[in-house]
Amino acid sequence: MMLIARSHPKRLLYCCLPNLIAVRSMSLPTKSFPYKPPLWAKTALANNPRNGRLKLANLPTPLYQLLYSSSQSNSFISKLQSLNTTLFIKRDDATGGVELGGNKIRKLEFLLADALSRKCDSILTIGGEQSNHCRATAAAARMVGLEPHLILRTVKKKVTKNFANNEDRDDIGFIGNLLMDRMVGSAIYTCTAGEYGRLGSMQLLERVAAHLEQQGKRPYKIPVGGSNGLGSWGYIQAVDELVQQWNAIESQPSLDHIVFACGSGGTACGIAIGIALAFKSFERNAPQVHAVGVCDDPNYFYAFIAGIADEMGFVPPEQMTTEDFVRNHLTIHQGKGDGYAVATLDELEFTASFAQATGIVLDPVYSGKALYNFMLEMERRPENYCEKNILFWHTGGALGLYDKVDHLAINLSSTWPCVKLDVYGKYNGLDISKDV
């Protein structure tokens, strides 16, 4: 049995969906299972994963429908009610615990299976200072016996005390994902944004990999976000999972729009190509797929996603390039705002408002920015979304909120202040000194 949860501000209502998941027996995390692609993807994508797939994620992830209370005063809820829009949420923030949670572990099941098959002894990947991908990669690597090495692009120079010799040294701290990186014993290499821009992520990976090889190691290189032709199979499989869940809903609602954050392109590629292929095979109208880019610009992503699809062995229809196909089946919105991993007060207030309305926490770098900007899109073009069913694919990343505590506190402290209890009746707080 599997559960779809319908989230209400006051409660959760559950309905059961039969025959979607079997009991999962215990297995070693290093055990690789032969991978059988969905039938609709098997022939359309020629480069099927050859080295199997690990089973590290908690799958399938829940699918929630938000139910709104007419008495609830919340700007987010009001906007949806005004359009009579129904919002569903696919909870890929629930793919694992604090170490693995988020969209990246779906890709890592394929990438780490490949690393193990190649007899590598370490993993090398790259990302931002609060990279969810690097955190999940480091933890998953340790689970399968590989040594994690992370290249992190820092936001600014930070200096902390080296307690061993009482000297100052450059450091990046222990906040959010960084704490998890260090808890699992990652070797961390830092570079500035300027250094990252000068060499590029792939050249940085190659140079650090060469350094590790000189030390006798056999590193397996994973690009930013795990976004390549192998990792993106994780979201081909995720589309198959979603289709099964949606088809099992008794009321059989239409699926009109799918929305998610886009940071490196792999998740977007898997969902866009997967939805197009799956719905074509079912001879049904496909939902419009929306990716909200939190960095770079839409034209960059269209080209990059097309490159990933080519790497997967996708062959577009005659007289159409792969990029043409991607553009026909994916709308990419600009959601970078003030910059990658830079959250405005409006965006943070939206994230807090959403949590207070639903009990679901978004992150400030990806999912929060994506849904915030898509709500703006709905305001600009309400006719496209009125009385539609919209699925938001939550990709995780809540650990990134710890890096925004100072800004979040401005809103939360005034909206939901703490009240001191006075148990002695000394008029120093809420008086609860009398027996009841």
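The values are calculated or read from the model by the stated rules, or taken from the named source; none is laboratory data. Computed from a predicted structure; not experimentally measured. Here the Cβ is made from the backbone with ideal geometry for all residues, glycine too, and neighbour counts use every protein chain on show. Please note that ligands, DNA and RNA were not included when accessible areas were found on the heavy atoms of the full protein model with its side chains. Shrake-Rupley method; radii C 1.70, N 1.55, O 1.52, S 1.80 Å.
Take the conditions polar (S, T, N, Q) and either under 17 Å from the mean Cα position of the chain (by Cα) or not in a loop (DSSP other than H, G, I, E, B) (or both) and apply them to residue 356. Does it pass? In short, yes.
Looking for something over 26 Å from residue 107 (Cβ atoms), in a helix (DSSP H, G or I) and within 32 Å of the chain's Cα centre (by Cα) - is there at least one such residue anywhere in the stretch 395-406? Yes: the stretch 395-406 contains one or more residues that are over 26 Å from residue 107 (Cβ atoms), in a helix (DSSP H, G or I) and within 32 Å of the chain's Cα centre (by Cα).
Among the charged types (D, E, K, R), under 17 Å from residue 98 (Cβ atoms), surrounded by 24 or more Cβ atoms within 10 Å (Cβ to Cβ) and touching a residue at least 12 places away in the same chain (Cβ under 8 Å) - does that describe any residue in the stretch 358-373? For the stretch 358-373, residues among the charged types (D, E, K, R), under 17 Å from residue 98 (Cβ atoms), surrounded by 24 or more Cβ atoms within 10 Å (Cβ to Cβ) and touching a residue at least 12 places away in the same chain (Cβ under 8 Å): present.
If you take the residues in the stretch 122-143 that are open to solvent by 10 Å² or more (accessible area, probe 1.4 Å) and touching a Pro at 6+ places or on another chain (Cβ under 8 Å), which one is nearest to residue 190 (Cα to Cα)? Within the stretch 122-143, the match that is nearest to residue 190 (Cα to Cα) is 142.
Screening the candidates 258, 249 for the property of being β-branched (Val, Ile, Thr) and buried (at least 21 other Cβ atoms within 10 Å of the Cβ) yields one hit, 258. Taking (1) at pLDDT 55 or above; (2) closer than 27 Å to residue 99 by Cα in turn, residue 12 satisfies each apart from (1). Just to be sure, is residue 67 touching a strand residue (DSSP E or B) at 6+ places or on another chain (Cβ under 8 Å), open to solvent by 40 Å² or more (accessible area, probe 1.4 Å) and either closer than 21 Å to residue 117 by Cβ or not acidic (Asp, Glu) (or both)? For residue 67, the condition - touching a strand residue (DSSP E or B) at 6+ places or on another chain (Cβ under 8 Å), open to solvent by 40 Å² or more (accessible area, probe 1.4 Å) and either closer than 21 Å to residue 117 by Cβ or not acidic (Asp, Glu) (or both) - is met. Restricted to the stretch 311-346, and to residues there that are farther than 20 Å from residue 267 by Cβ and of a type in the set (D, E, K, R), the residue that is surrounded by the fewest Cβ atoms within 10 Å (Cβ to Cβ) is 318.
Count, please, the residues in the stretch 27-63 that happen to be modelled with pLDDT under 95 and not in a loop (DSSP other than H, G, I, E, B). Number satisfying all stated conditions: 1.
Put simply, of 349, 377 the only residue that is part of a helix (DSSP H, G or I), surrounded by 13 or more Cβ atoms within 10 Å (Cβ to Cβ), among the acidic types (Asp, Glu) and in contact with a His (Cβ under 8 Å, 6 or more places away or on another chain) is 377. Could we say that residue 419 is under 26 Å from residue 296 (Cα atoms) and exposed (fewer than 12 other Cβ atoms within 10 Å of the Cβ) here? When the stated conditions are applied, residue 419 does not pass them.
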